[in-house]
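**Q** Just passing along the structure, written as structure tokens.
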């Protein structure tokens, strides 16, 4: 008898869990930008360059540093 109750509860939980809609769309992303920024354009330009050329390009280095600041949290001790 206890087994039937446990199985019924488990199945009910599975059905309930499957019926809950999940937010997986782009609007669910934190900080999702709807319009491209100037930084996006700079990063696209750098990705189009040859990797060796981009590594020596001052604008690419600056864009990568700015992108890192936006993405990675700053250490709390600094």
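The values are calculated or read from the model by the stated rules, or taken from the named source; none is laboratory data. Predicted, not measured: the structure shown is a model, and the values here were computed from it. Virtual Cβ from ideal backbone geometry, glycine too; neighbours counted across all protein chains shown.
**Q** Which number in (1) under 19 Å from the mean Cα position of the chain (by Cα); (2) at pLDDT below 85; (3) loosely packed, with under 10 Cβ neighbours inside 10 Å; (4) at negative phi marks the one condition that residue 29 misses?
**A** (3)
**Q** Right, here's the next one. Cβ-Cβ distance below 8 Å, separation of 6 or more or different chains: which pairs start in the stretch 51-78 with a residue that is in contact (Cβ under 8 Å) with a residue 40 or more places away in the chain and end on one that is in a loop (DSSP other than H, G, I, E, B) and surrounded by 10 or more Cβ atoms within 10 Å (Cβ to Cβ)?
**A** Going by the 8 Å Cβ cut-off, there are no qualifying pairs.
**Q** Can you tell me which residues in the stretch 48-78 are outside any helix (DSSP H, G or I) and surrounded by 10 or more Cβ atoms within 10 Å (Cβ to Cβ)?
**A** Answer for the stretch 48-78, where residues must be outside any helix (DSSP H, G or I) and surrounded by 10 or more Cβ atoms within 10 Å (Cβ to Cβ): 49, 57.
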